[in-house]
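Below you will find the structure I want to go over with you.
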Amino acid sequence: MTDDQARVLWGRAATLGGDAQIVEIGSYRGRSAIVLARAAAGAGAGVTAIDPHAGNDRGPQQIEGSLDEGEADNRAFRENLERAGVAADVRHVRRRSRDALDSVTGPVNLLYIDGAHRYQPAREDIERWGARVPVGGHMLVHDAFSAVGVTAAQVRLLFFGARFRYLGRSGSLVDYRREHLDARGRASNALRQLAELPWFVRNLAVKLAIVAGAGPVARALGHRDGPWPY
């Protein structure tokens with residue numbers, strides 16, 4: 001997560017009221033949970049962080065991991081929240097997102113999805129958890145137009161759907177607002193998202209160059225912000 005993306009999370013969380021609910025899917029070691037909790041502290045909105053910390057799906061090229069890695073992530077997560085002073089403000093649900101739907105009751109006013117990047121779990125997160133977002137609420141999705149599985153889930157559920165309006169992106173973090181879109185709104189919404197596909201293709205080329213050790217090629221494609229395009 002880049003600093004600009006953290007500012008987007010902060011901005012959305014800071015505007016919520018005291019009875020609002022924030023859910024994060026995929027916490028890793030806690031950076032985004034800290035941002036959300038601190039931003040929402042003034043309004044008193046609740047934050048639920050869902051991450052099994054099982055060692056799998058930890059990041060790019062880290063689909064398969066070990067239980068020891070998961071335990072290390074969980075310890076770091078708890079320690080980071082303590083150091084940031086927000087441990088009491090974040091409820092951690094240590095389950096897979098598909099198994100945690102019953103752990104949150106009521107509407108989810110701000111949903112942040114940064115879970116597994118494969119197509120099936122990304123689709124399930126957007127479809128099942130997105131249904132919990134009320135009209136006017138926001139769904140933020142990380143690694144959009146970057147990870148193949150996440151982008152495929154977007155195309156399937158969001159490009160031509162009638163429930164979420166695409167508001168834009170900061171790098172690979174996209175912002176959707178829950179609305180009821182008519183036919184004209186759906187067409188406009190689809191075109192705005194389709195216009196991001198060249199950036200998606202560029203990201204795939206950057207990743208291939210990085211994996212192949214072709215740093216100059218990645219830089220020629222405009223990659224400047226670290227070891228992976230976010």
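Against the conditions (1) modelled with pLDDT of 95 or more; (2) charged (D, E, K, R); (3) closer than 18 Å to residue 138 by Cβ, where does residue 19 fall short? Just the number, please.
Only one criterion is unmet by residue 19, namely (1).
In addition: Of all residues in region 29-60, which are surrounded by fewer than 20 Cβ atoms within 10 Å (Cβ to Cβ), touching a helix residue (DSSP H, G or I) at 6+ places or on another chain (Cβ under 7 Å) and on the phi > 0 side of the Ramachandran plot?
Across region 29-60, the qualifying residue is only 55.
Within region 86-144, track down each residue that is acidic (Asp, Glu) and free of Cβ contacts under 8 Å to residues at least 60 places away in the same chain.
From region 86-144, those acidic (Asp, Glu) are 89, 99, 102, 114, 124-125, 127, 143; that's our starting set.
Of everything in region 86-144, those that are acidic (Asp, Glu) and free of Cβ contacts under 8 Å to residues at least 60 places away in the same chain turn out to be 89, 99, 102, 124, 127.
Can you pull out the residues in region 85-122 that are surrounded by 18 or more Cβ atoms within 10 Å (Cβ to Cβ), of a type in the set (D, E, K, R) and closer than 20 Å to residue 142 by Cα?
Scanning region 85-122 gives 96, 114.
Can I ask one more? With respect to residue 159, is the statement that it is out of contact with any Lys or Arg (no Cβ under 6 Å at 6 or more places or on another chain), assigned by TED's automatic domain parsing to the domain that holds residue 12 and either among the hydroxyl-bearing types (Ser, Thr, Tyr) or under 20 Å from residue 7 (Cβ atoms) (or both) true? Don't jump to the end; show me each part of the working.
Values: out of contact with any Lys or Arg (no Cβ under 6 Å at 6 or more places or on another chain): yes; assigned by TED's automatic domain parsing to the domain that holds residue 12: yes; either among the hydroxyl-bearing types (Ser, Thr, Tyr) or under 20 Å from residue 7 (Cβ atoms) (or both): no.
Here the answer is no, as residue 159 does not meet what is asked.
Would you say residue 157 is in contact with a strand residue (DSSP E or B) (Cβ under 6 Å, 6 or more places away or on another chain), under 29 Å from residue 23 (Cβ atoms) and modelled with pLDDT of 95 or more? Talk me through it step by step, then tell me what you get.
Values: in contact with a strand residue (DSSP E or B) (Cβ under 6 Å, 6 or more places away or on another chain): no; under 29 Å from residue 23 (Cβ atoms): yes; modelled with pLDDT of 95 or more: yes.
No: the conditions fail for residue 157.
The values are calculated or read from the model by the stated rules, or taken from the named source; none is laboratory data. A quick note: this is a predicted structure, and the numbers were derived from the prediction, not measured. No Cβ is skipped: glycine too gets one built from the backbone with ideal geometry, and neighbour counts run over all protein chains shown.
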